[in-house]
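Engineer: Before anything else, here's the structure in question.
The values are calculated or read from the model by the stated rules, or taken from the named source; none is laboratory data. In this text, all values refer to a predicted model and were calculated from it rather than measured experimentally. In this analysis, Cβ positions are derived from the backbone assuming ideal geometry, glycine residues included, and neighbour counts consider all displayed protein chains. Ligands, DNA and RNA are stripped out before the accessible areas are found, and what is left, the full protein with its side chains, is counted by its heavy atoms. Shrake-Rupley method; radii C 1.70, N 1.55, O 1.52, S 1.80 Å.
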Amino acid sequence: MIYLLAGNPNVGKSTFFNFMTQSHVHVGNYSGVTVEKRVHHIKNYEGANLVDLPGTYNVSPSSEDEGVVTYSLLNESYSGIINIIDSTHLKRNLHLTVQLLELGVPTLLVFNLKDALRANGYVVDVEKISNKLRCNAISLSARERNKEDQISISNELKNLRIYKSIELNYHQHIKWGIQRIHDLLRYDTVQVKKKWLALQILEGNEGIFKFLDVTKAEKIRAVVKEVEEKIIEDDVALSLKGAIFNTRREFINDLVDESMIKIEDKEHSKYFNQRIDRILTHPAWGIPIFFAIMLGVYQISFGKFLGVGALFTSFFEYFWDEILVNYLGQGLEFIGVSGFAYGLVIDGIMAGVGGILVFLPQIVVLFFMLALLEGTGYMARVAIVMDRFLSKFGFNGKSIVPMITGFGCTVPAIMATRTIVDKKERMLTILTLPFISCSARLPIYVIFISIFFDKYRAFVMLGIYILGIMITLISAKLLSLSFFKGTGSKFLLEVPPYRIPQFRTIAYQALEKAKRFVKKAGTYILVGSIILWLMSNIGPAGINIETKDSFLSIIAGFVSPIFIPLGFGNWQATSSLFSGFLAKEIVVSSLNILYMGDIAAGFTTLSALTYVVFASLYVPCISTVATIRSETNSRKWTLFSIAYPFVVAYIVALVIRLIFMIFI
Amino acid sequence: MNITDLKRNDKATIVSLRNIDKRFMERLMDLGIYDSAPVILLNTLAYDNLYIIEVDDVEICLRKEDALNIEVRK
């Protein structure tokens, strides 16, 4: 038995999903789109699984994520739908509900956030709604994780059956259109009602055409056009979609009026929001408050003082180097593995994978803090505060969340762009994010600053970060003037109410993101570390050679002359940059190995500066490139994301070198 | 009159939407902004460049440029 879980964004769908299900079954991909599909077992219901659909306002999609819903309804096999509804926003949520009920599939309505609604002084008369909509319904607060609620939902699902689907009284023109399209579809075999399909087509659900043959699609489009013209001609609404929308809204308004029961006079929470909003989004203080909060977040994640993340990292480092690697090494020696194979495991794989895993605790702490800010509703205010500034560069206000994440790691930052509805704005954000200095680049700065710029520590560090931000903004501006015209022109944001986030949900979200990060980054780094180690330990002469005779040094020696203008045209510096393509933190360990622990000998102060600048901006790491590939689904833009930063890094480093050579 | 002509906590009804392209219109509709929808102006932010309105219990933040295109009637 499979049930689909559908609902609007931000209604507590994830909370409900975790509350209803236990063990993990699998995470797959929906075909054609890059949205991960979560399927888990339902508790207290043997053999039943729940599929988590992306949050959507409509069955017909207005973003890539939302296309999944149409796809699933048409192609997945399922026994029923659970529609989760935010009781405090019934009027908006019920639009999706109506569309699902029109489908005529067994549906269970779950009115979530019962407690929040109660705090506003209202309750939902579930029985009334259930009778009127002819479906099963239940109300609860998923975050209370009440065991009885869980059992009663499982029981409801076991008894779920099809009632007669609801039919709204649409305008006669629309009814005519439905009939016409229905006739055109009469020989098609689909698993849903054709009248429903017809209505969805009239509404503009383009996703459906993918499953119809082309000749028919043209005839159907002609019908849609005719109905649209009649609707506008007779002044029924501003558009066909609007006419359907308005009929639904009337139906919903009646329903809500009948079933919302006021039990107590309470001041609505929005007045509370208004007061806080005026402070947090204040034209003058809003941005300083945001910076102060972010400084705190980064301090806790990466800093020394108050540094929870750094503390965990040092534990982890100890565990990895002193215990795991140590015992593994002894174990290998014990069973007689030495030389080449020993080096591959200990110096290749364990060092390479350890290099990135060491950052994991800090990144988990960052994810946790960001999920916390998101959960309280503050991130939406940040988008508001930053919108005017960011839109000047072609970004969307919502780009701020990926950008903030980007200081931790670019991979989850790119994934976080999914909330940006506009495709161009999303692409623009994805392509410029790698310039924001991720935490993996930090070791490079730290090493070079401590060797060459000890007196100007803070200044150089800040300078590198500001340079990264400036390049991000300038690149975005250039892209918005060339390939992505018109970006930054639209902004529309649903402002969520302030909520006290739940520890469980936040922790779950952070761990889930961390898991994805490890999976994505880990795989590439594992393979990459092996290749890199082999390349630097095998040469034309065979194995067991000096590094300078390896394939790596030969290739790097061949490429290195192009870096002569930048001041570091030698094979050691170049091969370290190569290895940085696997993961930026490897640059440092690689330099250490190749310069035999004496990096200071390999650079002048100026070439150290250009090297740091170049390393902070050049080609993103392989995990990032792979993420860009899967998120953009475009080979062209993936290549761009490799080539463009290289060119930019080269130019910026060259300019800095020239300036210093001429003036200093 | 349009949304920018409202005062804080004024209630009105949306009459029409002008100069709004199809895709943006759909996004507005997802949030319930459409003709005959009741709207309340809750707040203005960033020196009156952003408008926070309420439609069907949903609080939405709009730019002034877009708020100007939404005609309302008190």
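Engineer: Near A:Lys392, which aspartates and glutamates are there with a Cα under 17 Å away, not counting those fewer than 8 places off in the same chain?
Structural biologist: Partners found: A:Asp422, A:Glu425, B:Glu65, B:Asp66.
Engineer: Can I ask one more? Please report how far the C-alpha centroid of the range A:99-149 lies from that of the range B:12-61, rounded to the nearest whole angstrom.
Structural biologist: Taking the Cα centre of the range B:12-61 as reference, the centre of the range A:99-149 is 27 Å away.
Engineer: Right, another one. Suppose every K and R has +1 on its Cβ and every D and E has -1 on its Cβ; what is the size of the dipole of the range A:416-552 about the Cα centre, in Debye to the nearest 20?
Structural biologist: 600
Engineer: Percent of accessible area on the range A:418-486 owned by carbon and sulfur, 1.4 Å probe?
Structural biologist: Looking at the range A:418-486 in its full context, I get 73 percent from C and S.
Engineer: A further question follows. Step through the residues of the range A:605-613 one at a time and calculate ³J(HN,Hα) from phi using the Karplus curve (6.51 cos²θ - 1.76 cosθ + 1.60, θ = phi - 60°), rounding each to whole Hz and writing x for Gly and Pro.
Structural biologist: 4, 5, 5, 5, 5, 5, 5, 4, 4
Engineer: Which aspartates and glutamates, if any, have their Cα less than 13 Å from the Cα of A:Lys158, not counting same-chain residues under 8 positions apart?
Structural biologist: Hits, sequence-local ones excluded: A:Glu46.
Engineer: How many partner chain Cβ atoms sit within 10 Å of a residue's Cβ in peptide B:37-43, on average, as a whole number?
Structural biologist: Taking the mean over all residues of the peptide, I get 3.
Engineer: Here is a follow-up. Do the alpha carbons of any pairs in A:Lys193/A:Lys219; A:Lys519/A:Lys548; A:Lys398/A:Lys477 sit beyond 24 Å of each other, and which pairs?
Structural biologist: Over 24 Å apart, Cα to Cα: A:Lys519/A:Lys548.
Engineer: Sort A:244-256, A:403-415, A:321-333 by the packing proxy (mean of other Cβ within 10 Å over each peptide's residues), most packed first.
Structural biologist: Taking the mean over residues of other Cβ atoms within 10 Å, the ranking is A:403-415, A:244-256, A:321-333.
Engineer: OK, next. Calculate for chain A the 222 nm mean residue ellipticity that helices alone would give, adding -39,500 (n - 2.57) per DSSP H run of length 4 or more and normalising by residue count, nearest 500 deg cm²/dmol.
Structural biologist: -18500 deg cm²/dmol
Engineer: Okay, next question. What is the local net charge at A:Phe640, summed over the other residues whose Cβ is closer than 14 Å to its Cβ (Lys, Arg +1; Asp, Glu -1)?
Structural biologist: +2
Engineer: Here's a follow-up. Among bridges DSSP assigns within the protein assembly as shown, what percent are antiparallel (round to 5)?
Structural biologist: Approximately 65 percent, going by the DSSP bridge assignments.
Engineer: Determine, at each q value in 0.06 (inverse angstroms), the log₁₀ of I(q)/I(0) that the Debye formula gives when each Cα of the protein assembly as shown is one equal point scatterer.
Structural biologist: Once normalised to I(0) and log-transformed, intensities are -0.42.
Engineer: Tell me, how many Å apart are the Cα centres for the range A:178-204 and for the range A:441-492?
Structural biologist: Rounded to whole Å, the Cα centres lie 52 Å apart.
Engineer: Of the chymotrypsin sites (Phe, Trp or Tyr not before Pro) in the range B:12-57, which ones lie in a loop per DSSP and count no more than 15 other C-beta atoms within 10 Å?
Structural biologist: Of the chymotrypsin sites (Phe, Trp or Tyr not before Pro), the ones in loops of the range B:12-57 whose Cβ has at most 15 other Cβ atoms within 10 Å are B:Tyr47.
Engineer: How about the range B:1-54: which trypsin sites (Lys or Arg not before Pro) there are in a DSSP loop, with at most 15 other Cβ atoms within 10 Å of their Cβ?
Structural biologist: Loop-located and lightly packed - B:Lys7, B:Arg8, B:Arg18.
Engineer: A further question follows. Could you give the length gained on full extension between A:Leu328 and A:Ala284, defined as 0.36 nm per residue of separation minus the Cα-Cα distance, in nm?
Structural biologist: In short, 10.2 nm is gained.
Engineer: Between beta-carbons, use under 10 Å as the cut-off and find the net charge around A:His89, counting Lys and Arg +1, Asp and Glu -1.
Structural biologist: Here the charged neighbours net out to -3.
Engineer: Moving on. For the protein assembly as shown, with every protein chain kept in place, what is the accessible area per residue (1.4 Å probe, Å²)?
Structural biologist: I get 43 Å² per residue for this part.
Engineer: Tell me which trypsin sites (Lys or Arg not before Pro) from the range A:36-141 have a DSSP coil assignment and no more than 15 other beta carbons within 10 Å of their own.
Structural biologist: Answer by residue number: A:Arg134.
Engineer: I've got another one for you. What is the helix-to-structure angle for A:308-318, meaning the angle in degrees between its Cα long axis and the longest Cα principal axis of chain A, kept from 0 to 90 and rounded to the nearest 10?
Structural biologist: 50
Engineer: Quote the charge dipole size of the range A:323-403 about the Cα centre in Debye, to the nearest 20; the model charges only the Cβ of Lys and Arg (+1) and of Asp and Glu (-1).
Structural biologist: With only Lys, Arg, Asp and Glu charged at Cβ, the dipole is about 540 debye.
Engineer: Quickly rank A:509-517, A:450-458, A:487-495 as a protection proxy: mean count of other C-beta atoms within 10 Å, highest first.
Structural biologist: Packing order, densest peptide first, comes out as A:487-495, A:509-517, A:450-458.
Engineer: Here is a further query. Going by Cα centres, the range A:217-260 and the range A:390-419 are how many Å apart?
Structural biologist: One Cα centre to the other: 36 Å.
Engineer: Place +1 on the Cβ of every Lys and Arg and -1 on the Cβ of every Asp and Glu in the protein assembly as shown, take the dipole about the Cα centre, and give the residue among A:Gly486, A:Thr632, A:Ala601 whose Cα lies farthest towards its positive end.
Structural biologist: Result: A:Gly486.
Engineer: Near A:Ser139, within a Cβ-to-Cβ distance under 14 Å, what is the net charge of the other residues, with Lys and Arg +1 and Asp and Glu -1?
Structural biologist: Here the charged neighbours net out to -4.
Engineer: Any idea what the dipole of chain B comes to, in debye rounded to 20, about its Cα centre with Lys/Arg Cβ at +1 and Asp/Glu Cβ at -1?
Structural biologist: For chain B, the charge dipole is close to 200 debye.
Engineer: What is the mean number of Cβ atoms from other protein chains located within 10 Å of the Cβ atom of each residue in peptide A:493-499, rounded to a whole number?
Structural biologist: 4
Engineer: Sort A:257-264, A:421-428 by the packing proxy (mean of other Cβ within 10 Å over each peptide's residues), most packed first.
Structural biologist: The packing order, highest mean first, is A:421-428, A:257-264.
Engineer: Partner chain Cβ atoms within 10 Å, averaged over the residues of B:51-64 - can you pull that number for me?
Structural biologist: 6
Engineer: In the range A:73-226, with Lys and Arg counted as +1 and Asp and Glu as -1 at Cβ, which of these residues, A:Val224, A:Ser139, A:Phe211, has the Cα nearest the positive end of the dipole, that is, farthest along it?
Structural biologist: A:Val224
Engineer: On to the next question. Identify all lysines with a Cα-Cα distance to A:Lys91 below 18 Å; exclude those on the same chain that are fewer than 8 residues away in sequence.
Structural biologist: By straight Cα distance, A:Lys91 reaches A:Lys13, A:Lys114, A:Lys128, A:Lys132, A:Lys241, A:Lys262, A:Lys270, B:Lys11.
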